[in-house]
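Report on the following structure.
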Amino acid sequence: SIYGHLAPLAFPAKPAGEWNRMTITAKGKKIVASINGVKTLDVDISAWKDAKKNPDGTKIPPWLSKPMDSLATKGRIGFQGMHGGAKPYFRNVKIGPAK
């Protein structure tokens with residue numbers, strides 16, 4: 001998903017305690033993600049030109065104050081975690097040019 005903007009297409013995560021495999025491909029403003037081989041996101045963020053409304057007309061939370069279309073497509077990569085007090089674990093992280 002894209003928090004506050006777009007729900008995932010599917011919820012293929014394995015039960016707690018099992019490893020999941022996630023692949024994210026970002027080319028310019030096009031992002032495709034899959035978890036355990038199931039596509040969960042396929043979006044072109046250039047459609048988000050407004051900071052208050054998503055392209056489908058739903059409201060964007062006020063703390064997400066910049067249109068996604070204006071955000072950089074190059075820069076640092078961050079990892080999210082610590083939901084519900086659970087520690088996140090990562091393994092075999094690979095970052096490189098798209099094939």
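Reported count of residues in region 53-82, each being surrounded by 10 or more Cβ atoms within 10 Å (Cβ to Cβ), at pLDDT 90 or above and touching a Lys or Arg at 6+ places or on another chain (Cβ under 7 Å), is 4. Restricting attention to region 14-31, the residues being surrounded by 12 or more Cβ atoms within 10 Å (Cβ to Cβ) and farther than 17 Å from Phe79 by Cα number 2. Going by what's in this entry, would Gly85 be described as under 15 Å from the mean Cα position of the chain (by Cα), at pLDDT below 85 and not polar (S, T, N, Q)? No; evaluated as a whole, the condition is false for this residue. Scoring Pro97 on the criteria (1) without any contact (Cβ under 8 Å) to a residue 12 or more places away in the chain; (2) open to solvent by less than 90 Å² (accessible area, probe 1.4 Å) leaves a single failure, condition (2).
The values are calculated or read from the model by the stated rules, or taken from the named source; none is laboratory data. No experiment lies behind these values; they were computed from the predicted model shown. Backbone-built Cβ (ideal geometry, glycine too); neighbour counts: all protein chains shown. Side chains are part of the model used for accessible areas, which takes the heavy atoms of the whole protein and leaves out ligands, DNA and RNA. Shrake-Rupley method; radii C 1.70, N 1.55, O 1.52, S 1.80 Å.
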